[in-house]
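S.K.: First, the structure itself, so that you have it in front of you.
The values are calculated or read from the model by the stated rules, or taken from the named source; none is laboratory data. Since we're looking at a predicted model, the values are computed, not measured. Ideal geometry is used to build each Cβ from the backbone, glycine not excepted, and the neighbour counts take in all protein chains shown. What goes into the accessible areas is simple: the full protein's heavy atoms, side chains included, and nothing from ligands, DNA or RNA. Shrake-Rupley method; radii C 1.70, N 1.55, O 1.52, S 1.80 Å.
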Amino acid sequence: MADCKTMSRTRSRDGISPASYQGGGGCTTSTTTTTTSTHHHHHPHQFHHYNQQNNSRSKSYHYHHQYHHQHQQQGGAYQSPPLAPALLPPPPPHAAPPGFLYQHHLSGTPPHFTSYSSGAILSTRQNNHQNVEESHSPLPTPLPPPRPWLQVAHSKRKRTSFTVLCYNILCSRYATKTLYNYCPSWALDWNYRRKAILSELLHYSPDIISLQELETDQFYNFFLPQLQLVGYSGIFGAKTRARTMSESKRRMVDGCAIFYRTNKFRLVSEHLIEFSQVAIGMANREVKEGRSKGGCQEEMLNRVQTKDNIALAALFETKLDSEQSSGFHGLVAPRPRPLLVCTCHIHWDPNYCDVKLVQSMMLMEELSKITDNLILEPENQSQLAPPSSCSSSSSTSCSPSVSTSTSTSTSATSLESKVNLLICGDFNSLPSSGVFQFMESGCISNHHPDFKGLSYQSYLKNSSDSSFQHKFHLKSVYPPSSLPFTNYTLDFQGVIDYIFHSVKGLRPLGFLGPLDSSWLVQHNVVGAPHPSIPSDHLPLLVELEMMLPQITTAI
């Protein structure tokens, strides 16, 4: 079996009790308009969208010239001290901000990168006509060479290109000295790492940010208010275990987040996919239909349902200004298709490669249901009506089954004509795994060794007698062997993070290249986190172009 066999991590990131949940369905949908948002779920802090205009908790943070600063606790939430009104002096010329290892080249730089001068402050941002400046302390370790920007194509229409960043930021509860004893304690400290992570996000300034392993409290009280200062809004979904926890414990549960530039995208709807709830719905459906087999049910409930991984999806419309959307010579300028962005975190344990594959199959089926529910107006196929709600209280409406279509290519063409799909995440699976094969090829044998010979067939309906299929044509933005690793620790180095895109609707223009391996050897960097690398994962950054529908004649 091709999987992360060499991974010897002992942390349990997502184990939950088999009897923790009842009911079925795994997809929770919230439809958002420009003025209101409605959420169909039981816990408002588990999955929520914050509008930039009505958020009253937005804070500014002052980055001290030290590796640590004491948290101040107010009303049960940790908040950094307010930003000093006076501008901070720049650090000495030799200083560099922590985590700022991904400095861009002067040439070959993607258009959305923010430029910083050497030795200057980390960033200067405009907010309410006041400068907000942030600085960091100098590093004891030399910075690595910048990661190169690799251009693969050039945009034909600049207004339809956008950048996306995918990043597992390593939750503070998992960043223990036992697991990462090669990292200095001060560099492992979350207060230090979160500032370094934020500095990377501000530097790259992508249009869409996909994060994994972000704690609930850190989303609401740090990353969301900080990113709102520079024009982002965001949504968040916590792992399913948050359902059973008290408010004080729930805020420490990690999950996935999507941030987006409000001047470029409008959020239409958001969808939380809980794999454990999907598994329950599948088991209930089989029992109700009288097709349940004892062994199959036990495998689904004991192996899949106990892993509370999630995925979070957001449906966007691209905003166009009046000049971009105006017609010319009797033609109506076409609008890009709606964009469905998904961030996911698949189970980590290499002994559960079957669970990883089943979760990936669940993910693709849930995303196909979201796209199936899109209503396209005949006057303009890019204008969306809100998709129907998919409530987690329903045991059948969200229960997944891999495509039963007899013509997968026809189904895929139909879906791709509706929406552009972008899937970002930590799949915890190597390129040789069944997960990667299923995602990129669209099909996998039901006898693949990653199923471990377990009987999932009665739960995951076949689209043929010998294989499972999904309805999309996807491809990884990063070509094979373009990165030696995305996860770099003492006992494992490999590619387990990916960005998949619709082949027909999205065209890659470029991507951020690898970290210089010779620098790691020269400075004896045996693993991350590290004073210059704030997570055990490296961020993926890509630029894509939306392929426009054919221009139509104006009426």
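S.K.: Looking at Phe468, Phe472, which is the one that is in a strand (DSSP E or B) and crowded, with 20+ Cβ neighbours inside 10 Å?
M.R.: Phe468
S.K.: Restricting to the stretch 141-159, name every residue that is of a type in the set (Lys, Arg) and open to solvent by 50 Å² or more (accessible area, probe 1.4 Å).
M.R.: Lys156, Arg157, Lys158, Arg159
S.K.: Residues that are under 24 Å from Asp308 (Cβ atoms): which helices (runs of 4 or more DSSP H) entirely in the stretch 183-257 hold 1 or more of them?
M.R.: Hits in the stretch 183-257: 190-204, 224-228, 247-250.
S.K.: Which condition breaks for Val253 when tested against (1) β-branched (Val, Ile, Thr); (2) out of contact with any Phe, Trp or Tyr (no Cβ under 8 Å at 6 or more places or on another chain); (3) more than 16 Å from Thr216 (Cβ to Cβ); (4) at pLDDT 95 or above?
M.R.: (3) is the only condition that Val253 fails.
Condition check ((1) within 27 Å of Tyr498 (Cβ to Cβ); (2) touching a Ser or Thr at 6+ places or on another chain (Cβ under 6 Å); (3) at pLDDT 95 or above; (4) open to solvent by 30 Å² or more (accessible area, probe 1.4 Å)) across all residues:
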residue	(1), (2), (3), (4)
Leu106	no, no, no, yes
Phe113	yes, no, no, no
Ser161	yes, yes, no, no
Leu165	yes, no, yes, no
Asn191	no, no, yes, no
Arg194	yes, no, yes, no
Ile208	yes, no, yes, no
Leu214	yes, no, yes, no
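S.K.: Which one of these is acidic (Asp, Glu), touching a residue at least 12 places away in the same chain (Cβ under 8 Å) and over 29 Å from Val525 (Cα atoms): Asp217, Asp189?
M.R.: After ruling out the rest, the residue left standing is Asp217.
S.K.: Determine if the stretch 153-166 includes at least one residue that is touching a Cys at 6+ places or on another chain (Cβ under 8 Å), closer than 26 Å to Pro508 by Cα and not aliphatic (A, V, I, L, M).
M.R.: yes
S.K.: Please find, among Asn221, Asn263, the residue that is under 29 Å from Asp372 (Cα atoms), at pLDDT 90 or above and open to solvent by 10 Å² or more (accessible area, probe 1.4 Å).
M.R.: The match here is Asn263.
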